[in-house]
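Read-outs throughout are calculated quantities, based only on the coordinates presented, and are distinct from any laboratory measurement. Because the structure is predicted, anything quoted here is derived from the model rather than measured. No Cβ is skipped: glycine too gets one built from the backbone with ideal geometry, and neighbour counts run over all protein chains shown.
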Amino acid sequence: MHFNMASDVYTGSLLKTLAASKPGGRLLELGTGTGLATAWIVAGLDETSSLVTVENNELLIEVARKNISDGRVEFVLTDGYEWIKNYKGEKFDLIFADAMPGKYDLFDETISLLNTGGLYIIDDMLPQPNWPEGHDKKVENFLTRLEHNSELTITKLNWSTGLVIGVKI
């Protein structure tokens, strides 16, 4: 499938732990991919939690759907930009933003979907072999923006692929 953007085992382990910290929670994943991180999140859900996972690539989301059969998960095949702009439902207790929309683009709109005390998690903030040319500047600018954001208290982790955990205040 030539998909080289799956989350690593360390990110997955952290996602499982953070999902478990939100009993009865509503969780959102932006960028399902083939569902590797999705599976880790699901492993941390309690029986009353739910996960909405959004992906724009039909082939990738079908792999995830095939391998994750769980009534607590809603797979949404759509453009993430449009989904974020048009979503009007309940807010979320945890957002894992693993796609351009929600991370680099539509950041403010994404944070508005998060409950107070909710977690915002991103990965790939350390140099990655699959980064296109110039992406390092985009990451640097985004991290600076996060550091100055008054809605989040963040911790940058020099661990795994470079994680940031934020809590909406």
Give me, ordered by chain and number, the residues 5 or more places off ILE95 or on other chains with an amide H under 5 Å from its own placed amide H.
LEU28, LEU119, TYR120, ILE121
Between GLU47 and THR144, what is the label-point separation in nm under the 7 Å Cα-to-beta-carbon projection?
5.1 nm
Identify all lysines with a Cα-Cα distance to LYS156 below 28 Å; exclude those on the same chain that are fewer than 8 residues away in sequence.
LYS16, LYS22, LYS85, LYS91, LYS103, LYS137, LYS138, LYS168
Output wanted: per-residue J couplings in Hz (rounded whole) for region 28-36, from phi through Karplus 6.51 cos²θ - 1.76 cosθ + 1.60, θ = phi - 60°, x for Gly and Pro.
10, 10, 9, x, 5, x, 8, x, 5
May I ask you to derive the FRET efficiency for ASN130 and ILE165 from their Cβ-Cβ distance with R0 = 30 Å, giving the value to the nearest 0.05?
0.85
Taking the mean number of other Cβ atoms within 10 Å as a proxy for protection, how do you rank 25-38, 109-122, 72-85 from highest to lowest?
25-38, 109-122, 72-85
Beta bridges per DSSP with both ends in the chain, % antiparallel, nearest 5:
35 percent
Which order, highest average first, do 124-133, 61-70 follow once you tally other Cβ atoms within 10 Å for each residue and take the mean per peptide?
61-70, 124-133
Under 5 Å, built H, 5+ apart or other chain: amide partners of LEU126
GLY162
Could you pull out every residue, at least 5 positions away or on a different chain, whose amide H is within less than 5 Å of the one on LEU114? Hs are placed 1.01 Å off N in the peptide plane, and Pro or chain starts have none.
PHE92
Cα-based Rg / Dmax (Å) for region 33-125
12.7, 35
The chain: radius of gyration over Cα atoms, expressed as a fraction of 2.2 N^0.38 Å:
0.95
Using a Förster distance of 22 Å, how high is the FRET efficiency between ASP8 and ILE154, based on the Cβ-Cβ distance and rounded to 0.05?
0.60
Between LEU77 and TYR104, what's the calculated FRET efficiency when r is the beta-carbon distance and R0 is 22 Å? Round to 0.05.
0.55
